[in-house]
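Participant: This is the structure, below, for whatever I ask next.
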Amino acid sequence: MTTDYVDRVNALMSRAVLHHESELVINDALKAALEFTDSLRSFVAGIDPATGLLEVLAAQGLDWSPQDKDSRLTVHNATQSGITARAAITSKPYVAQNVLTDQYYVSHFTDVMSEVALPVLDSEGLVQAVLNVQSGEAAWYNPQRVAVLQTLANVIGTALVTQTFVRRERALGQIGLELAAATTREHLTRKVLDLVVSTLHCQACSLFLMNDARTQLVLHSARGSLQEKVGEAAYNIGEGLTGSVASTGCAIRLEDPRQDARWRGRFSEMTPDAMGAFLAAPVYFRDRVLGVLRVSRPRNTPSWFQARFTETDERILCATGAQLGSALETHNAFDARLRNERMAAWGELSARSVHMVGNKTFAIKGHVNEIKHHLQSLPHRHQQPLVQLTNGLEQSIYRLEDILTEFRDFLTATQLNTRCCSLNTLLHEAANECFLHHQSVNLHEHYSELLPAIMADASRLKRAIGELLENAVSFMPCGGTVSISTTVDEMKPSTGNTSMPVQLFVTAVIADSGNGVPTEIKEQIFRPFFSTRSRGMGLGLSIVKGVIEAHHGTIREIGKPGMGAMFEIVLPAMTTEEVI
Amino acid sequence: MARVLVVDDEPDVQDALKRRLERADHSVHCASSTEDALTMLVAGGPAFDVIITDMSMESENSGVEILQAALHRDSLSAVIILTAYGNVRNAVTCMQMGAYDYVEKNIPDVDVFELITLKANRAAQQVRERRSGSGPTFRLGSAA
C-alpha cells in the first residue's frame, strides 16, 4: 500500500500543480481516499468565501444522487449542522467513531457507522473546504487512516489553492484584455466590475470617479443595491472611508467598517446592520487618484465564519485599480484628442470665416467710398439725407470691423511667437500707450528690480495688459488711480516632493480704484461673451486669459468688491539654463 | 498718372480699388489670381509702377510670390501688400523682402481706400523720380 499510495499522491500533486486539473484531482483524491482506507463514500464540501455556505464540490462512492451533489448546507449552528460544519468551524479534524452516539453527527446515509471530517486549509490558513470520508464500520478511522486522509486533504487543498490562483491570474489577465478592447468607458467599467465581483467573491462592488473639479467622488457604476444611485451618490474628498481612500491614495481593508471612526455609511451597498467586510482601493494614474473601487460582503453570514478580505484580495483590488486608472486615462486622452481636433476644426472654420467676412467688408468699404465721392457732385439739398445714410453705413462697417478684430484676437490668442522679455518693460510700455489717452487717471508703477526675464510673445502680452488697463480706466469715468506692481515668487510643487526643483514665477498686479468686481460675477468675467458693456462681443477678458494661459501663466481677479478691481497675473520665469 | 496693377481674388474688391485709383488718375489693370498676375507681370510693354496685391489668395503667401515676380521684372516698381487684420508678421516679412508698404484691410474707423490711394500716389511719385534718376536710386521698405 505504501508505494502505491506515495505514487498516487505524487501523481495527484503534479497534476494539481503542473496541469491545473483541480476537478479531476479532487475526484481522484476522493477515489484514493476510498481505496486506501476501505471506506464507503467520500465528498468535499467547499466554503463560499462570500456567504459561508458549505457546498458539495465533488463526491465518490455509493448511492450519491444528483441532488446530493448539488446540495448547499447553511451552517448556522455548530451543534445542528453535522461534523462537516464542526471541522469548518474549528479548523480541526473531527472523527465520529460511532455516529449513533456522536453529539454533532447529522445522519444522511443510514449505513454509515463512523465518519471523519478534515478541514482543507488555504494559503492563509483559512478553511476553504472540508473532506469527509464515511465507513460502514464503527471506530474505523484509526490515526494511520486519518493520516492517509490528511495527506489527501492537503492534495485537495493544493488543487483548490492552485485553482484560485489560476482563476485570479486569468481574471487579472482578462481585465488587461478588457481594458485594451473596451470601446467606451461604460463598457470598460462594467467588465471590470463583473471581474472584480467574481474574483473577490463579493456581492457588492462600486466604482466612484472624481468629478471634473476634483472635489467629489461620484458613483459611476455599481453591482448590488447601489445601482439605482449611479450619478447621484457622491462623497467629498476625505469624507467617509471612500473619500479617505481618495485623499490618501491608500487602500482600506476592514472586517467591520462600522467600528472605524472614518465610517459614515452614507451610501452603503447594504444596511448598516448587514454591513460586513469592506475593502476599497484607489483607481489611479501615476500620482493622481481618479476614483475609488470598493467591495463589501454582508454580515449575515454564519457567526463562526470570517467574511473578511485577505491581503491578497487587497493586492488584487489595488492592481485592478491601477490597471483601470491607466485605461481610464487612455480614454480621457482619446476624448481630449477628439475634442482638440474638433476645436481645431472650429478654429480653422472661424478663421476662414473671419477672413472672408473681412474681405467682403473691405469691398463694401470701397463701395461706400465711391458713393461718398458721387454724393459730392449732387446739389447740396439732395446730398444731406444721403450723407447721413452713408455715414451710418460707414459707422456700421467700422463696428463690424471691431467685432472681426475682437474675434480674430480670440482665435489667435494662443498662437505665440515667444522670445526673452522683461515683464516690467512690457507693463511700462502698455501703460504709456494707454495713459497717453487717459490723463484723468493717475498711474502708479512699482516694479521689482530683481524681476527675472520671461519667455513671451511681447506684442500679444502687451495687448493683453493694455486691455486690462483700458478696462480699468473705462470703469473710472470720473478719474481715479491705476497701480501696477511686479514681484518675484518662489513656488514649490504642490505634491510636497521637496526633491523637485523650485520654479520661479513673476507676478504682476494691476489694481484700480473703481467699484471692483461683484462677488457673484467673479467666476464669469473670464468667460467668452460675458460683458457688462454694450459694445463689443465680450471676448476681451477671455482673450486676456487665453493669452496668459498660452504663456503657461494664470490670471485671477482678487480685488474686494467695492474697493476696486485687482488682477493678478502669474507667469513662469525663465530658468537659468533657458537664459543661457 | 501711374500704371497700377491690382491683384485680388474678390471681384468687388478689384472694382472698388480700380474705381478709386482711376479717380486718382492712375491707369489700373486687374488680376484675379496669382497666376494671372504673374502672366501680366512678365508680359511685354512697360513695367507696372505700382502693384497692389492681396497677401493671401490661393495660399497664405500669394502676396510674397507676386512681390518677388514684380521686383524681378523691375526692381524700381513699388509693391503694396494688403493684409487681413492680425497677419502683420507676413507683412513684415514682405517689407524685409523689398515691399514698399503694407495696409491692413479692416482697420476700424479708417477709410482704408483713402489710405491706399494716398500710399499709391506717394509710391507712384517715388517710382517716377527713381526712374527719371531724380529720386533715391534704391529703396527698401517705408514706414509711411
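The values are calculated or read from the model by the stated rules, or taken from the named source; none is laboratory data. In this text, all values refer to a predicted model and were calculated from it rather than measured experimentally. All Cβ positions, glycine included, derive from the backbone under ideal geometry; neighbour counts span all protein chains shown. Accessible surface areas use protein heavy atoms only, side chains included; no ligands, DNA or RNA. Shrake-Rupley method; radii C 1.70, N 1.55, O 1.52, S 1.80 Å.
Participant: Across region B:5-56, what is the number of residues that are more than 10 Å from chain A (Cβ to nearest Cβ) and either in a loop (DSSP other than H, G, I, E, B) or open to solvent by 30 Å² or more (accessible area, probe 1.4 Å) (or both)?
Facilitator: The total comes to 23.
Participant: Additional query: Report whether or not B:ALA78 is aliphatic (A, V, I, L, M), farther than 28 Å from A:GLN395 by Cβ and surrounded by 21 or more Cβ atoms within 10 Å (Cβ to Cβ).
Facilitator: yes
Participant: Residue by residue through region A:416-449, note down the ones that are out of contact with any strand residue (DSSP E or B) (no Cβ under 6 Å at 6 or more places or on another chain), assigned to a loop (DSSP other than H, G, I, E, B) and touching a residue at least 12 places away in the same chain (Cβ under 8 Å).
Facilitator: A:LEU416, A:ASN417, A:SER422, A:HIS438, A:SER440
Participant: Checking A:LEU378 against (1) among the aliphatic types (A, V, I, L, M); (2) assigned to a helix (DSSP H, G or I); (3) open to solvent by less than 80 Å² (accessible area, probe 1.4 Å); (4) without any contact (Cβ under 8 Å) to a residue 24 or more places away in the chain, which test does it fail?
Facilitator: Just one mismatch for A:LEU378, condition (2).
Participant: Could you look through region B:75-126, keep only residues that are among the charged types (D, E, K, R), more than 11 Å from chain A (Cβ to nearest Cβ) and in a helix (DSSP H, G or I), and pick out the one that is nearest to B:GLU60 (Cα to Cα)?
Facilitator: B:LYS119
Participant: Considering region A:248-288 alone, what residues qualify as being open to solvent by 20 Å² or more (accessible area, probe 1.4 Å) and assigned to a strand (DSSP E or B)?
Facilitator: A:ARG253, A:LEU254, A:TYR284, A:PHE285, A:ARG288
Participant: Now a separate question. Could you please find all residues in region B:81-93 being touching an Asp or Glu at 6+ places or on another chain (Cβ under 9 Å) and buried (at least 16 other Cβ atoms within 10 Å of the Cβ)?
Facilitator: B:ILE81, B:LEU82, B:THR83, B:ALA84, B:TYR85, B:GLY86, B:ASN87, B:ASN90, B:ALA91
Participant: Can you confirm whether A:VAL230 is surrounded by fewer than 19 Cβ atoms within 10 Å (Cβ to Cβ) and at pLDDT below 90?
Facilitator: For A:VAL230, the condition - surrounded by fewer than 19 Cβ atoms within 10 Å (Cβ to Cβ) and at pLDDT below 90 - is not met.
Participant: Among the residues of region B:22-39 satisfying the criterion of being farther than 22 Å from B:ASN121 by Cβ and not charged (D, E, K, R), which is farthest from the chain's Cα centre (by Cα)?
Facilitator: Once the filter is applied, the top-ranked residue is B:THR39.
Participant: Scanning for something within 14 Å of chain B (Cβ to nearest Cβ) and out of contact with any Pro (no Cβ under 8 Å at 6 or more places or on another chain), does region A:332-347 turn up at least one residue?
Facilitator: Checked against the condition, which is being within 14 Å of chain B (Cβ to nearest Cβ) and out of contact with any Pro (no Cβ under 8 Å at 6 or more places or on another chain), region A:332-347 yields at least one hit.
Participant: Which of the residues spanning region B:12-33 are among the polar types (S, T, N, Q) and within 22 Å of A:THR361 (Cα to Cα)?
Facilitator: Hits for region B:12-33 are B:GLN14, B:SER32, B:SER33.
Participant: Take A:ILE175 and decide whether it is open to solvent by less than 40 Å² (accessible area, probe 1.4 Å), more than 18 Å from A:PHE43 (Cβ to Cβ), β-branched (Val, Ile, Thr) and in contact with a helix residue (DSSP H, G or I) (Cβ under 8 Å, 6 or more places away or on another chain).
Facilitator: Answer is yes for this residue.
Participant: So A:GLY321 clears everything in (1) in contact (Cβ under 8 Å) with a residue 40 or more places away in the chain; (2) more than 25 Å from the chain's Cα centre (by Cα) except one condition, right? Which one?
Facilitator: (2)
Participant: To continue, here is another question. Out of all the residues in region B:97-115, is one or more among the polar types (S, T, N, Q) and surrounded by fewer than 21 Cβ atoms within 10 Å (Cβ to Cβ)?
Facilitator: No: region B:97-115 contains no residue that is among the polar types (S, T, N, Q) and surrounded by fewer than 21 Cβ atoms within 10 Å (Cβ to Cβ).
Participant: A further question follows. Output yes when any residue across region A:345-360 is in a helix (DSSP H, G or I), farther than 27 Å from B:VAL7 by Cβ, open to solvent by less than 70 Å² (accessible area, probe 1.4 Å) and β-branched (Val, Ile, Thr), and no when none is.
Facilitator: no
Participant: Follow-up question, since we're still on this one. Identify, from the list A:GLU341, A:GLU329, A:GLU370, the residue that is open to solvent by less than 40 Å² (accessible area, probe 1.4 Å), within 30 Å of A:LEU177 (Cα to Cα) and among the acidic types (Asp, Glu).
Facilitator: Exactly one residue qualifies, and that residue is A:GLU329.
Participant: Continuing with the same structure: Suppose the filter is open to solvent by less than 70 Å² (accessible area, probe 1.4 Å), of a type outside the set (D, E, K, R), at negative phi and in contact (Cβ under 8 Å) with a residue 40 or more places away in the chain; does A:VAL155 pass it?
Facilitator: Criteria met by A:VAL155.
Participant: Restricted to region A:348-373, and to residues that are more than 9 Å from chain B (Cβ to nearest Cβ) and among the small types (Gly, Ala, Ser), which residue is nearest to B:LEU17 (Cα to Cα)?
Facilitator: A:SER353
Participant: Quick check, is A:THR320 closer than 22 Å to A:HIS201 by Cβ, outside the structural domain of A:ASP48 (by TED's automatic domain parsing) and surrounded by fewer than 19 Cβ atoms within 10 Å (Cβ to Cβ)?
Facilitator: Here the answer is no, as A:THR320 does not meet what is asked.
Participant: Run A:THR162 past the list (1) more than 25 Å from A:ASN332 (Cβ to Cβ); (2) in contact with a strand residue (DSSP E or B) (Cβ under 9 Å, 6 or more places away or on another chain) and report the number of the one that doesn't hold.
Facilitator: It fails just one condition, (2).
Participant: Since A:VAL116 meets every condition but one in (1) outside any strand (DSSP E or B); (2) open to solvent by less than 50 Å² (accessible area, probe 1.4 Å), which condition does it not meet?
Facilitator: Here A:VAL116 meets the rest and fails (1).
Participant: Now for a different question. May I ask you to verify whether A:LEU393 is open to solvent by less than 70 Å² (accessible area, probe 1.4 Å) and either at the interface with chain B (Cβ under 10 Å from one of its Cβ atoms) or in contact (Cβ under 8 Å) with a residue 12 or more places away in the chain (or both)?
Facilitator: No: the conditions fail for A:LEU393.
Participant: Give the number of residues within region A:27-57 that are among the hydrophobic types (A, V, I, L, M, F, W, C) and open to solvent by 10 Å² or more (accessible area, probe 1.4 Å).
Facilitator: Going through region A:27-57 one residue at a time, the tally reaches 8.
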